[in-house]
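This report concerns only the one structure given below.
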Amino acid sequence: MNIFKIRDDILNNKTTAEDEVKKALSLAKEKQEYNALISLTEERALEKAKEIDQRLKNGEEVGELAGVPFVVKDNFLAFGAPSTAASKMLANFNAPLQATAVEKLEEQGAICIGKANLDAFAHGGSTENSAYGVTKNAIDINRVAGGSSGGSAVVTALDIVPFALGSDTGGSIRQPASFNGVYGVKPTYGTVSRFGVVAMASSTDTIGVFTKTAKEADLVMKIMAGQDEKDMMTLPNFYQTIEAPKKAKIGIIKEFMDEGIDEDVKKATLNYAEKLKAAGHEIIEVSLPMSKYSLAIYYIIIPAEVSSNLARYDGIRYGLRSSKATTLGDVYGISRDEGFEKENKRRIMIGSYVLSSGFFDAYYMKAQKARTLLKNEFENLFTQCDFLLGPVTPTPAFKIGENTQDPIKMYLADIMTVPASLVGLPAISVPAGESQNGLPIGVQIIGKMKSDAEIIALADSLENNK
Ligand code: GLN
């Protein structure tokens with residue numbers, strides 16, 4: 001399964017878009033036990049495939065991804081099936097429009113075949129918070145897929161499709177990529193339009209991709225990147241495929257390698273550093289002391305934004321309206337109680353609390369100030385080196401149910417992914433070996449602002465010891 005191969009085979013008449021879409025759909029059905037997909041968009045996908053095949057026959061332009069099947073995380077608005085965000089709140093929501101990212105891929109001929117499972121509203125790191133059941137890890141079915149984009153990572157790892165879209169607010173692409181042994185790109189904040197993607201935390205939400213190789217990620221990011229008047233935070237397009245630097249200075253973040261981290265993960269990270277060294281790069285150790293506060297900062301600011309973004313789902317303006325409600329108060333109360341998952345409610349409550357007038361200065365304001373200090377530290381590190389390196393997560397994929405009773409334990413797994421999110425930097429999760437019991441381990445490369453193509457190129461240069 002490779003984007004370039006599928007596309008070229010279709011262009012050279014070795015296969016058809018219809019056959020490729022049918023293949024992906026039947027694989028998706030065969031692998032249902034993973035619960036990676038909430039819905040298939042079969043009818044629409046087949047129609048689109050026939051359209052591409054016809055256009056090819058007519059000698060018309062078909063785009064860079066002609067006939068290539070893909071999957072979207074179900075918090076993207078996309079036609080063909082409801083867009084649920086894995087919540088009961090949006091169970092019957094048929095989107096009136098498509099996300100800009102999906103539109104851009106379709107313009108290039110890519111075909112969405114289904115919608116991937118996630119933690120409801122992207123709140124979580126294991127895809128156990130979904131209203132549609134837990135997604136299973138692609139390598140070990142007793143373990144979590146990671147999250148919140150667990151379904152997208154798993155369909156890529158299982159080769160159902162060559163690429164899948166995800167959103168990353170605090171690690172939701174990088175962490176499941178690492179847990180399932182695929183690439184996951186979280187771009188610079190503002191690279192890809194979030195228009196048409198269900199908002200989680202607007203100051204860190206980003207759109208990215210899962211692939212099996214770095215080159216494929218590069219192509220998809222190039223297509224999705226660019227300014228969109230419908231997302232005022234998007235940057236003018238800067239994404240341009242480039243060659244990897246021959247000799248770069250790469251800083252291993254000391255705090256990410258300290259105690260608490262699994263030995264296998266540490267080893268895999270150091271091995272990767274060795275490979276970079278062997279390829280001619282210089283490895284140094286750097287320190288990011290503020291990283292120890294990053295979880296605290298994240299779990300104040302993100303719930304604050306979540307509580308605000310989810311206020312619109314009230315049974316009146318948007319979302320499920322409970323049939324049990326008879327008074328206005330109940331329309332709000334019962335609808336929100338039925339529509340949201342437990343983790344959604346927890347975040348709404350924390351967010352409302354830290355934004356309340358009595359506590360705003362003590363929590364929210366303080367967290368924003370600490371966030372600025374974290375940003376300053378990153379800026380300082382990038383005067384010492386070109387890239388930063390560290391693990392993606394402290395451990396490989398944990399067992400299903402292992403952390404569900406203890407939200408703090410679950411949040412701790414985000415310790416290495418939230419720093420880049422809070423400051424908007426691009427980061428990639430690169431497959432970098434396995435634990436002793438055969439679980440995939442990823443390493444994280446963090447780049448300077450807008451160095452998205454560079455970090456992908458660096459990962460590509462090391463792929464298969466190239
Ligand atoms: N695990 C993180 C959280 O629960 C990240 C979520 C995300 O990136 N959507 O907030």
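The values are calculated or read from the model by the stated rules, or taken from the named source; none is laboratory data. Since the structure is predicted, the reported quantities are computational estimates derived from the model, not experimental observations. Here Cβ is always computed from backbone atoms with ideal geometry, including for glycine, and neighbour counts include all displayed protein chains. These accessible areas exclude ligands, DNA and RNA; they are computed on the full protein's heavy atoms, side chains included. Shrake-Rupley method; radii C 1.70, N 1.55, O 1.52, S 1.80 Å.
How many residues does the range 118-159 hold that are on the phi > 0 side of the Ramachandran plot, touching a helix residue (DSSP H, G or I) at 6+ places or on another chain (Cβ under 6 Å) and open to solvent by 20 Å² or more (accessible area, probe 1.4 Å)?
Looking only at that region, the number is 0.
Quick check: is even one residue across the range 143-152 within 12 Å of the ligand (Cβ to nearest atom), farther than 21 Å from residue 199 by Cα, outside any loop (DSSP other than H, G, I, E, B) and at pLDDT 95 or above?
yes
Which helices (runs of 4 or more DSSP H) sit wholly inside the range 320-436 and have at least 3 residues that are without any contact (Cβ under 8 Å) to a residue 60 or more places away in the chain and more than 16 Å from the ligand (Cβ to nearest atom)?
Because the criterion is at least 3 residues that are without any contact (Cβ under 8 Å) to a residue 60 or more places away in the chain and more than 16 Å from the ligand (Cβ to nearest atom), the helices (runs of 4 or more DSSP H) in the range 320-436 that meet it are 328-339, 342-355, 366-384.
Report the residue count in the range 234-257 for those that are modelled with pLDDT of 95 or more and surrounded by 16 or more Cβ atoms within 10 Å (Cβ to Cβ).
Going through the range 234-257 one residue at a time, the tally reaches 12.
Quick check: anything in the range 443-458 crowded, with 20+ Cβ neighbours inside 10 Å, modelled with pLDDT of 95 or more, part of a strand (DSSP E or B) and within 16 Å of the ligand (Cβ to nearest atom)?
yes
Say whether the condition of being within 13 Å of the ligand (Cβ to nearest atom) and without any contact (Cβ under 8 Å) to a residue 40 or more places away in the chain is met by at least one residue in the range 205-212.
Yes: one or more hits.
So residue 429 ticks every box in (1) open to solvent by less than 30 Å² (accessible area, probe 1.4 Å); (2) farther than 27 Å from residue 343 by Cβ but one. Which box is left unticked?
(2) is the only condition that residue 429 fails.
Have a look at 226, 260, 280 and point out the one that is modelled with pLDDT under 95 and either out of contact with any strand residue (DSSP E or B) (no Cβ under 9 Å at 6 or more places or on another chain) or surrounded by fewer than 22 Cβ atoms within 10 Å (Cβ to Cβ) (or both).
None of the others qualify; the one that does is 260.
Take residue 160 and tell me if it is β-branched (Val, Ile, Thr) and away from the ligand (no atom under 12 Å from the Cβ).
Considered against the rule, which asks whether it is β-branched (Val, Ile, Thr) and away from the ligand (no atom under 12 Å from the Cβ), residue 160 comes out as yes.
Mind listing just one residue for me: the one in the range 283-337 that is more than 30 Å from residue 248 (Cα to Cα) and in contact with a strand residue (DSSP E or B) (Cβ under 9 Å, 6 or more places away or on another chain) and, of those, surrounded by the fewest Cβ atoms within 10 Å (Cβ to Cβ)?
That would be 312.
Condition first: in a helix (DSSP H, G or I), without any contact (Cβ under 8 Å) to a residue 24 or more places away in the chain and either closer than 22 Å to residue 245 by Cβ or over 26 Å from the mean Cα position of the chain (by Cα) (or both). Now tell me which residues in the range 256-290 satisfy that.
270, 274, 277, 278
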